[in-house]
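Q: There's a structure below that I have some questions on.
The values are calculated or read from the model by the stated rules, or taken from the named source; none is laboratory data. Owing to the predicted nature of the structure, the values given are computational and were not obtained by experimental measurement. Note that we place each Cβ from the backbone using ideal geometry, even for glycine, and neighbour counts take in every protein chain shown. When the accessible area is computed, the model is the full protein with side chains, heavy atoms only, and any ligands, DNA or RNA have been set aside. Shrake-Rupley method; radii C 1.70, N 1.55, O 1.52, S 1.80 Å.
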Amino acid sequence: MVDNVSKEKMAAGRQEIIRRIVSLCGAINVQIDKGANPNIAIPVRGSRNVEFDAAGKKLVLGDKIAHRYLFNVGHARKFMQTMLVASYVKKDLLEDNLTATLRDLYYAKKRTIAGTKEDTIDEQKESDLAIVDFEVALDTFREKLHLRAEPKGRIAGEMVVVDRVRDKVDTIDLGHMGSGGWAVPSIVEQIEFKDVAAEYVLVAEKNALFDRLNEDEYWKKNKCLVMTTAGQAARGARRLLQRLNEELKLPCYALTDADPYGWYIYSTMKYGSMALAHESDRLGCPGLKFLGMSISDIEHYDLSGVTIKAKEVDIKRAEELREYEWFKSKPWQYEINKFLEKKIKAEIQALSSKSLQYVSKTYLPEKISGKDFLP
């Protein structure tokens, strides 16, 4: 059981981020006073500055740093946008203890600069990138800036959570959330775990599998939590999964389609992603294991009649995965090579060809009891 999330702790967290913003902007003021070209130091993001930490089982940023200057034709606009983000986060969100969506920030700071025909921000993509620049410059993460994306993902099972938002405190029983389950919030730092009866977590790539397991009350019969990421996992779902694994020590198992894209979704939840390597410490779940589906499952469960022919894009993706350091283990190399040899894939719903409840009554119990998972 984790400690209660107190108002004092949350307030202290906000004040720490405000302090970092003031310090960053204070350093820029010092540069101006000295007659220097104002600049912000920002860790370089992207594949050229991403490394795989084999010991920590995560993708991490390297040590390359870029400086963004105000008086530079190529930098000035992005410098200005980063400062707009800083102002909005400090004055409109943290000081008033409010949260906002990425879209809210975009509209709040989009305007035509006086005396010009130039807008501060043309498209939301620009403000989104400025937010990422700002979070890495502060060595923090978006949720601590009180910025949230649209919620994505659902969960159900044997656990009660407490959700604190300002002065509102809601107690939610994940075993009584109906057919839809509980929507995973974009920000989950304020979630407190209580009355945990679950013994492990199943995280499914697809909503359809979650609905099947929820309707079958798999989580109740097997004392677990069932989550769906609805495709590529959002940050809130990835952070929640990590917390369940690290804070509650719950084993976590991934369920995706037997194809390179499903396997990559699993890998981003486990190791992090190149685009968010700066967030791997809080978004990666190194303890996550891959339960299925694999190409070997197609053979073992006699699903050859319900496979799908792989497309060129699938083959190219598999060839890329095969070269990633985090897919170099013998079991994964075997599965990827088998995919490239047979050039077939299968959705996990292919198990429904056996029977509608085959996945919950046969496939999962067999795989879990037999510890039949990939690292």
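Q: Tell me which DSSP H helices of the chain clear both cut-offs, 20 Å or more of axial length from alpha-carbon atoms and a mean Kyte-Doolittle hydropathy of at least 0.0.
A: On the way: long enough: 7-33 (38 Å, 0.02); 124-138 (21 Å, 0.31).
Long hydrophobic helices here: 7-33, 124-138.
Q: If you average over every viewing direction, what projected area does the convex hull of the Cα atoms of the stretch 94-196 give, in nm²?
A: In nm², the orientation-averaged hull projection of the stretch 94-196 is 8.8.
Q: Give me the Å³ per residue figure for the convex hull around the C-alpha atoms of the stretch 126-171.
A: Numbers: hull volume 5.4 nm³, N = 46.
Taking only Cα atoms, the stretch 126-171 has a hull volume of 117 Å³ per residue.
Q: To continue, here is another question. Counting helices only, and only those DSSP H runs with n ≥ 4, report the 222 nm mean residue ellipticity of the chain as the sum of -39,500 (n - 2.57) divided by its residues, in deg cm²/dmol to the nearest 500. All intermediate terms of the calculation are to be shown ahead of the outcome.
A: Numbers: 13 runs with 141 residues, N = 375.
Using -39500 (n - 2.57) per qualifying helix, the result is -11500 deg cm²/dmol.
Q: Note down, for the stretch 136-217, the three equivalent ellipsoid semi-axes (square root of 5 times each alpha carbon gyration tensor eigenvalue), biggest first, whole angstrom.
A: The three semi-axes for the stretch 136-217 are 25, 16, 12 Å.
Q: Could you look at the stretch 255-375 and say what percent of its accessible area is carbon and sulfur, using a 1.4 Å probe and all protein chains? Walk me through the intermediate numbers first.
A: Numbers: 2710 of 5300 Å².
With neighbouring chains kept in place, the figure for the stretch 255-375 is 51 percent.
Q: Okay, next question. Arranged from highest to lowest average of other beta-carbon atoms within 10 Å per residue, in what order do the peptides 233-242, 216-225 appear?
A: With the highest mean Cβ count within 10 Å placed first, the list reads 233-242, 216-225.
Q: How far, in nm, would the chain grow between Phe71 and Thr116 when pulled straight, counting 0.36 nm per residue and subtracting the alpha carbon separation?
A: 14.4 nm
Q: What order do you get for 136-145, 205-214 when each peptide is scored by the mean count of other beta carbon atoms within 10 Å, highest first?
A: For the peptides 136-145, 205-214, the packing ranking is 205-214, 136-145.
Q: With N residues in the chain, what two-decimal value do you get for its Cα radius of gyration over 2.2 N^0.38 Å?
A: Dividing the Cα Rg of the chain by 2.2 N^0.38 Å gives 1.09.
Q: Can you pull the Kirkwood radius for the stretch 148-196, inverse mean 1/r over Cα pairs, to one decimal in Å?
A: The Cα-based Kirkwood calculation yields 11.3 Å.
Q: To the nearest 20 debye, what is the magnitude of the charge dipole of the chain about its Cα centre, counting +1 on the Cβ of each Lys and Arg and -1 on the Cβ of each Asp and Glu?
A: 520
Q: Continuing with this model, one more query. Give the value in nm², to one decimal: projected area of the alpha carbon convex hull of the stretch 277-338, averaged over all directions.
A: 5.6
Q: From the convex hull of the Cα coordinates of the stretch 272-375, what is the mean projected area in square nanometres?
A: 7.6
Q: Let me see the P(r) profile for the stretch 1-155: every Cα-Cα distance counted, bins of 5 Å, each bin given as a percent of all pairs.
A: Result returned by the calculation: 1, 8, 15, 18, 19, 17, 12, 6, 3, 1, 0, 0.
Q: With 18 Å as the cut-off, how large is the P(r) tail for the stretch 72-154, expressed as percent of Cα-Cα pairs?
A: 41
Q: Which order do Leu276, Leu59 take by accessible area at a 1.4 Å probe, largest first?
A: From most accessible down to least: Leu276, Leu59.
Q: Please build a GNM for the chain, connecting alpha carbons under 10 Å apart, and tell me which residue among Ser304, Ser280, Ser186 fluctuates the most.
A: Ser304
Q: How far is it, in nm, from the label point at Val22 to the one at Lys223 when both lie 7 Å from their Cα along the line to the Cβ?
A: Once both label points are built, they end up 5.0 nm from each other.
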